[in-house]
Structure formats: C-alpha cells, structure tokens
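Report on the following structure.
The values are calculated or read from the model by the stated rules, or taken from the named source; none is laboratory data. Note that the structure is a prediction, hence the values are computed from the model and not measured. Backbone-built Cβ (ideal geometry, glycine too); neighbour counts: all protein chains shown. Protein only, heavy atoms only, side chains kept; ligands, DNA and RNA dropped before computing areas. Shrake-Rupley method; radii C 1.70, N 1.55, O 1.52, S 1.80 Å.
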Amino acid sequence: MTAVCSLCPHACRLREDETGFCRARTNVGGVIRPTNYGRLTALALDPIEKKPLYHFHPGRAILSVGSYGCNLACPFCQNADIAAADAAIPTENVPPARLAALAQELSAAPHGSLGVAFTYNEPLISYEYIMDTAPLLHAAGLAVVLVTNGMICAEPLARLLPHVDAMNIDLKGWQEDFYRWIGGDLGTVRETIEHAVAHGVHVEVTTLIIPGRNDSAADMDAAARWLASLSPEIPLHISRYFPRHRVSTLPTPIALIDRLAEIARRHLRHVHRGNC
C-alpha cells in the first residue's frame, strides 16, 4: 500500500517500508511514521546565542537535541554526519517525558536552561516528536525552540506554531535555482517565515554565504528588503561558510560578509556577522 508524506513539499510517495527523501519518514502499514522518533544523536547544553538566537533570552543556556536526517540535500552541509545519516546511525532513545524531565532538571540548576532547542539536524522531520514533547515543556514553564530550514507545508506548520516560542529559520538563498541545487523550495521557506512572524513566534533568520553561489549584493538587498516588509526588527545572521561535505570552495572572505551585512542594514535593524 502506497502512502504520501504530507509534511513537506517533497510529498514523497512511498511504498510499504520505503523511506522518503529525508531518510527519516517511512511508510509503515500505509501510515507515514518518523523512524527517528525520540532517537537522539546529539544532546548538549548550549548558549542560546549558538543557535543563533541573539534576541531571545540572551545570556541563557538551552538544552539542544538532534536526531538524524534532513529534507534538504545541501552539498555544503555543516552537519552532514547526522543530517545526511539514516536509521543506521547510533542513537539513544529519549521519549518525550524523559526529555521534558531532563530539561526541567537542568532549568533548576544555577544559570539553568530555559528549555529545549530542536536543532543540529532538521527538526521538522521529527514533527510528531516535537508535537508530543512541546506541551510537556510548556507545562513545566520551559521554552520550545526550533532551528530549522523552514521546509514544511502550511497545514502541519499551523498546528505546530502554537507550541513554539522561538525559531531560527534558514533563508539559504534568494533564487529558486539555488534552492533547486539544495533540493528545496524557496516559496515554502518564505511562507514559513511569514506565518511564524504573523503568529507571534520570535523569529531570527540565518543566511550562510557560499562564495559564487548565493553572495549577490542584489539578492541580499532583496532578501533584507522582504524581511523588513514583515518586520524591520527581524534579526538576520549572515554567516561565513567553511568547506564541508561535498563542497571545497574556500571559506567566505570576511570582507564579503561585511559588505553584505552593510547592505542588509539598509533595511533591518539587527544584522549580525556569524563565524567571523
């Protein structure tokens, strides 16, 4: 029996026991299930600024968790060891109640954690896990943070947003051909940013600059202008690329990051230079 995954724009049509583009959602008896549900590959207490979120409880720590898989295929992926992995990768099973209990324990420590950030790989493909865990975190007075590529369809996003306090969303480029190169859809990402801002979620945006790929001054001007049309208060993080995965281009020149940041500041009040 075939089934269609309706979580993201790939709309993978899967045969029985077949896994989708993301390597983490599988047709099990005609129902799409996340095979990475509660299976964590990474867990760390990070500064909130590392997400990066500079304007959401700055100076606080947050429990950061990741699994495996991603619904993009960025050749320059900075976390390919888990984002490009599948169910064969070693994991630890951490059910929602256990994660919430750990987060609550860490929140009680001096300078304690403010909640949980779902990050490292693409958290949205663990949609059901987040939906089950977030209410437990909110019941304990803890924050729910997503660090995401924004590749999610409108219906599941609408169900998710009431359970989310803050998001850092990648706006990886401003051209459709760039998003085709990485296996994604620019329109979907723009809609995710729009809906999250409209819902009152704290949103910050990150663009990783790859020389020769998404470093156009005109594109940065257009992207910043569009973000400012939603709110000039949206923080934008312009980050420096380093060679990873299947791309060996030299690291982004710092002068280029500075130039693009100056352009973005024409429209946005909070523009940050990352990894410089």
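Might you check whether a residue that is surrounded by 15 or more Cβ atoms within 10 Å (Cβ to Cβ) and modelled with pLDDT under 95 occurs anywhere in the stretch 262-276?
Within the stretch 262-276, the first condition is being surrounded by 15 or more Cβ atoms within 10 Å (Cβ to Cβ), and the residues that meet it are 263-264, 267-268, 270-272, 274-275.
Okay, now just the ones that are also modelled with pLDDT under 95, so 274-275.
Among the residues of the stretch 262-276, at least one is surrounded by 15 or more Cβ atoms within 10 Å (Cβ to Cβ) and modelled with pLDDT under 95, which makes the answer yes.
Within the stretch 22-40, take every residue that is within 17 Å of the chain's Cα centre (by Cα) and among the aliphatic types (A, V, I, L, M) and give me the one that is most open to solvent (accessible area, probe 1.4 Å). Ranking the candidates gives L40 first.
I193 passes every criterion in (1) open to solvent by less than 30 Å² (accessible area, probe 1.4 Å); (2) out of contact with any strand residue (DSSP E or B) (no Cβ under 7 Å at 6 or more places or on another chain) apart from (2). Whenever a residue of the stretch 24-49 is among the aromatic types (F, W, Y), its partners that are open to solvent by less than 20 Å² (accessible area, probe 1.4 Å), lying with C-beta atoms within less than 8 angstrom and at least six residues away or across chains, give the pairs Y37/S126; Y37/Y129.
Condition first: part of a loop (DSSP other than H, G, I, E, B) and open to solvent by 20 Å² or more (accessible area, probe 1.4 Å). Now tell me which residues in the stretch 44-69 satisfy that.
Here is the first cut: in the stretch 44-69, the residues part of a loop (DSSP other than H, G, I, E, B) are 51-60, 67-69.
Hits for the stretch 44-69 are P52, Y54, H55, F56, H57, P58, G59, R60.
Out of the residues in the stretch 12-21 that are part of a loop (DSSP other than H, G, I, E, B) and either of a type in the set (S, T, N, Q) or open to solvent by 50 Å² or more (accessible area, probe 1.4 Å) (or both), state the one that is nearest to E204 (Cα to Cα). Don't jump to the end; show me each part of the working.
Of the residues in the stretch 12-21, the ones part of a loop (DSSP other than H, G, I, E, B) are 12, 15-18, 20-21.
From what's left, either of a type in the set (S, T, N, Q) or open to solvent by 50 Å² or more (accessible area, probe 1.4 Å) (or both): 15-18, 21.
Values: R15: 38, E16: 39, D17: 37, E18: 35, F21: 27 Å.
Checked the stretch 12-21; the qualifying residue nearest to E204 (Cα to Cα) is F21.
The lone criterion from (1) outside any loop (DSSP other than H, G, I, E, B); (2) surrounded by 17 or more Cβ atoms within 10 Å (Cβ to Cβ) left unmet by F76 is number (1).
Would you point out the residue of the stretch 181-192, among those that are in contact with a Lys or Arg (Cβ under 9 Å, 6 or more places away or on another chain) and in a helix (DSSP H, G or I), that is nearest to A61 (Cα to Cα)?
Quick first cut of the stretch 181-192, residues in contact with a Lys or Arg (Cβ under 9 Å, 6 or more places away or on another chain) only: 181-182, 184, 186, 189.
After this cut, where a residue has to be in a helix (DSSP H, G or I) as well, the list is 181, 186, 189.
On the way: W181: 35, L186: 31, V189: 27 Å.
Ranking the qualifying residues of the stretch 181-192, first place goes to V189.
Is it true that T207 is in a strand (DSSP E or B) and in contact with a Gly (Cβ under 9 Å, 6 or more places away or on another chain)?
It is true that T207 is in a strand (DSSP E or B) and in contact with a Gly (Cβ under 9 Å, 6 or more places away or on another chain).
In the set (1) touching a strand residue (DSSP E or B) at 6+ places or on another chain (Cβ under 9 Å); (2) open to solvent by 10 Å² or more (accessible area, probe 1.4 Å); (3) modelled with pLDDT of 95 or more, the condition left unmet by G183 is number (1).
Do you know which of the residues in the stretch 83-95 that are open to solvent by less than 40 Å² (accessible area, probe 1.4 Å) and assigned to a loop (DSSP other than H, G, I, E, B) is nearest to V144 (Cα to Cα)? Give the derivation first.
Step one: of the stretch 83-95, the residues open to solvent by less than 40 Å² (accessible area, probe 1.4 Å) are 83, 85, 89, 94.
Those left that are additionally assigned to a loop (DSSP other than H, G, I, E, B): 85, 89, 94.
Numbers: A85: 25, I89: 26, V94: 17 Å.
Among those residues, the one meeting the criterion is V94.
Suppose we filter A228, A224, A218 for residues that are surrounded by fewer than 21 Cβ atoms within 10 Å (Cβ to Cβ), touching a residue at least 24 places away in the same chain (Cβ under 8 Å), among the hydrophobic types (A, V, I, L, M, F, W, C) and in a helix (DSSP H, G or I); which single one remains?
Working: A224 fails: surrounded by fewer than 21 Cβ atoms within 10 Å (Cβ to Cβ); A218 fails: touching a residue at least 24 places away in the same chain (Cβ under 8 Å).
Exactly one residue qualifies, and that residue is A228.
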